[in-house]
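What follows is calculated from the coordinates using simple rules that are stated; it is not laboratory data. Computed from a prediction, not measured in an experiment: that's the story for all the values here. So basically every Cβ, Gly included, is an ideal-geometry build from the backbone, and we count neighbours across all protein chains shown.
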Amino acid sequence: MANFSLPILTQFSGNKPAEKVTINLSKLGANLEVQIPDSNEISADWSVYPILGANKDHPDWSGQQVAAGTWDDANDGMVKLTGLKVTVPKAELQKYLGRQVELRYRFANESGYDLYSDPSVKLKIEP
């Protein structure tokens, strides 16, 4: 199984991945943006979404899926996208106020085969 790089939380960690990030809810808009590092391990027909919780197989919360590719009529096939971003609503993060929660992203395909980012990012949620 492939290990995927840490996601990048540009609102709080700049353009660098970090294993621990403090999220100040007062400085956060409606959503936490999660930038997904590009990977050659994933094809254009997969999707990606954020998950919260210590158990990656049964997360506390799963976000909305974003397609990893798009159809290209000129080439009559799927084209992989780069610079993918997913979001975690502020309302979900508020549930962990004063605590720490693990954030990962999860790739999935139609056959039900899932891959996770590893290690997770530890988010410390503050007011």
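Report the FRET efficiency, 1/(1 + (r/R0)^6), for Thr70 and Lys16, where r is their Cβ-Cβ distance and R0 is 25 Å, rounded to 0.05. The pair Thr70/Lys16 has a calculated efficiency of 0.35. When you restrict to C-alpha pairs under 8 Å that are six or more residues apart and normalise by the size of the stretch 10-126, the relative contact order lands at 33 percent. The H on the amide N of Ile23, modeled in the peptide plane, is under 5 Å from the matching H of Lys124, Ile125, Glu126, each at least 5 residues off or on a different chain.
Between Met78 and Asp72, the built amide H atoms are under 5 Å apart, and every one of these is 5 or more places off in sequence or on another chain. About the centre of its Cα atoms, the stretch 1-124 shows a dipole size close to 920 debye [charges on the beta carbon of Lys, Arg (+1) and Asp, Glu (-1) only; nearest 20 debye]. The value of relative contact order for the stretch 1-44, using C-alpha pairs under 8 Å at least six residues apart, is 44 percent. Taking other C-beta atoms within 10 angstrom as a stand-in for reagent exposure, Arg99, Arg104 fall in the order Arg99, Arg104, fewest first. Summing +1 for each Lys or Arg and -1 for each Asp or Glu among the other residues whose beta-carbon sits under 12 angstrom from that of Leu32 gives +1.
Note on the chain: helix-only mean residue ellipticity at 222 nm, from DSSP H runs of 4+ residues weighted -39500 (n - 2.57) and normalised by residue number, equals -1000 deg cm²/dmol. Backbone phi angles across the stretch 12-26, fed through the Karplus curve with coefficients 6.51, -1.76 and 1.60 (θ = phi - 60°), yield HN-Hα couplings of 10, 10, x, 9, 10, x, 9, 7, 9, 9, 8, 9, 8, 4, 5 Hz in residue order; Gly and Pro are listed as x.
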